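Have a look at the structure below before the remarks.
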């Protein structure tokens, strides 16, 4: 119980901190050019890493050979490219994943 | 309450609600998935609304379930939250100007700067004669109410129904994929993706599994620094598509 409480407090503070950082440090001075450069290219980098991390622990050598995660992931991306509706993409991908892990 | 004031409030709320409908659909659904996953992992149902109200970060909350049940240390939890939500600092950088005159709303606007709220605030315009900060605050508060609603109903349903939620945590992977597709639309250069992929492969061999995210991000940032002459040499043309990202870049 105390641990749950501590975790919520820490995650709350850290999340707020990440959102407040620019306002704390750069409300008067302009961010240095290098930071401005990083802020443009860090988001694609982080999202690539997070997608990679979601797949890195999957066993591709044992049944079902990672097929559910791979197929559902491709479907999510295609749905999003096609419809560009966050809800449709996530619900569709997750539903297909939930079905595949039960039937394969 | 003065009638003109409450009338104006209605105008602001109506405009904010209309703008936030896509998030209403997305947040209630993803919140439901979160609530189900949380209860299925053995956590008490009320942790879902508590996390939605205070932490208010979808990806971090999903990750939090795994960290709580996996017995992660507090420092590790802080570090991973920092890494996962670091992208939000980037959003703030491009909202510095817009939030400058937000006054009393500013702390809440900053607190509520999620992926989707950022996307909305950079694309929608407040109605005429409405103070921008009030409109922003209304959009942010509505978005959070959708998230809290979804998370609460999800965990209540999850504890009431005998529902096999196995695999519902794929919603987090799907969310990352969606965000990546959005990035590919906004940043149409191949180098950052290749650099990140290379950093992941390196981290896979070098880092302990629990340090993977941190090490991969460090390598990738290093590679990005090396790529600066190449990427910055030509000013990146704003993506030609009307994406939700990149619209608010302060120049």
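Listing for the model above:
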quantity: Between region B:1-35 and region B:39-110, the Cα center-to-center distance that results, in Å; calculated: 21
quantity: Cα gyration tensor shape for region B:162-233, rounded if a/c is under 1.5, else prolate or oblate; calculated: oblate
quantity: Between 0 and 90°, nearest 10: helix A:33-55 axis offset from chain A longest Cα axis; calculated: 20
quantity: Anisotropy class of region A:40-103 from Cα gyration tensor, a/c 1.5 cut; calculated: oblate
quantity: 10 Å Cβ neighbours from other chains, averaged over peptide B:88-100; calculated: 6
quantity: 10 °C / 1.306 mPa s Stokes-Einstein diffusion coefficient of region B:3-188, Kirkwood radius on C-alpha pairs, µm²/s; calculated: 91
quantity: Choice from B:112, B:58, B:92 with maximal GNM fluctuation in chain B (Cα, 10 Å cutoff); calculated: B:92
quantity: For chain B, built as a Gaussian network whose Cα springs stay under 10 Å, the top-fluctuating residue of B:153, B:124, B:11; calculated: B:11
quantity: Shielding by partners - mean other protein chain Cβ count within 10 Å, residues of A:68-74; calculated: 2
quantity: Other protein chain Cβ atoms within 10 Å, averaged over every residue that makes up A:81-87; calculated: 6
quantity: Choice from B:86, B:42, B:233 with maximal GNM fluctuation in chain B (Cα, 10 Å cutoff); calculated: B:233
quantity: Rounded to 10°, Cα long-axis angle of helix A:2-25 versus longest principal axis of chain A; calculated: 60
quantity: Residues B:164, A:57, B:169, B:232 arranged by fewest to most Cβ contacts within 10 Å; calculated: A:57, B:164, B:232, B:169
quantity: Sites residue B:125 and residue A:81 - FRET efficiency at Förster radius 45 Å, r taken between beta-carbons, to 0.05; calculated: 0.95
quantity: Where only C-alpha atoms are counted, convex hull volume of the protein assembly as shown per residue in Å³; calculated: 150
quantity: Crossing angle, helix A:86-103 versus chain A [Cα axis fit, 0-90 degrees, rounded to tens]; calculated: 40
quantity: Full-stretch length increase - residue B:41, residue B:191 - with 0.36 nm per residue and alpha-carbon distance subtracted; calculated: 50.2 nm
quantity: Region B:143-182 and region A:56-104: distance between their alpha carbon centers, rounded to Å; calculated: 15
quantity: Estimated FRET transfer efficiency when R0 is 56 angstrom, pair residue B:157-residue B:101 (beta carbons, to 0.05); calculated: 0.85
quantity: Relative contact order of region B:190-235, pairs being alpha-carbon contacts under 8 Å that are 6 or more residues apart, as %; calculated: 44
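Coordinate-derived values only; no laboratory data. Because the structure is predicted, anything quoted here is derived from the model rather than measured. When we count neighbours, we look across all protein chains shown, and the Cβ atoms used for this are built from the backbone with ideal geometry, even at glycine.
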